[in-house]
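Visitor: The following block contains the structure, expressed as structure tokens.
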Amino acid sequence: PALDESEFFASEVVRDLDAFKARADVIIANRRTEALDDVADKVYTRDIYGRD
């Protein structure tokens, strides 16, 4: 099911990935993906080898 609310646990929901990447100082991700390659310096993940 999609999240249709504007907030989730009192945090703003940002649906546009490019807008999110521009606004974020730090990105916590479960997995590395090509979509985050342009902001790799902001990404922290347990997937250090890009295989998870």
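The values are calculated or read from the model by the stated rules, or taken from the named source; none is laboratory data. Owing to the predicted nature of the structure, the values given are computational and were not obtained by experimental measurement. Positions of Cβ are generated from backbone atoms using ideal geometry, with glycine treated the same way; all protein chains shown enter the neighbour counts. Heavy atoms of the whole protein, side chains included, go into the accessibility calculation; ligands, DNA and RNA do not. Shrake-Rupley method; radii C 1.70, N 1.55, O 1.52, S 1.80 Å.
Visitor: Given +1 on the Cβ of Lys and Arg, -1 on the Cβ of Asp and Glu, and no further charges, what dipole in debye does the chain carry about its Cα centre, rounded to the nearest 20? Mind showing how you got there, number by number?
Guide: Values: 8 positive and 13 negative charges, 56 e Å.
Once rounded to the nearest 20, the dipole reads 260 debye.
Visitor: Would you be so kind as to identify which of A22, L3, V39 lies farthest towards the positive end of the dipole of the chain, taking Lys and Arg as +1 and Asp and Glu as -1 on Cβ and the Cα centre as origin?
Guide: The residue sitting farthest along the positive end of the dipole is V39.
Visitor: Sticking with this one: Give me the percent of accessible area attributable to carbon and sulfur for the chain, probe 1.4 angstrom. Numbers along the way, then the final one.
Guide: Working: 2310 of 4610 Å².
For the chain, the apolar C and S fraction of the accessible surface comes to 50 percent.
Visitor: To the nearest 500 deg cm²/dmol, what mean residue ellipticity at 222 nm is calculated for the chain from DSSP H runs of n ≥ 4 alone, each contributing -39,500 (n - 2.57), summed and divided by the residues? Don't skip to the end; give the middle numbers.
Guide: Details: 1 runs with 7 residues, N = 52.
Calculated at 222 nm, the ellipticity per residue is -3500 deg cm²/dmol.
Visitor: For the chain, would you read off the P(r) tail past 13 Å as a percentage of all alpha carbon pairs?
Guide: Numbers: 852 of 1326 pairs.
For the chain, the share of Cα pairs beyond 13 Å comes to 64 percent.
Visitor: If you roll a 1.4 Å probe over the heavy atoms of the protein chains, what accessible area per residue do you get for the chain, in Å²? Working shown, then result.
Guide: On the way: 4610 Å² over 52 residues.
Per residue, the chain has 89 Å² of solvent-accessible surface.
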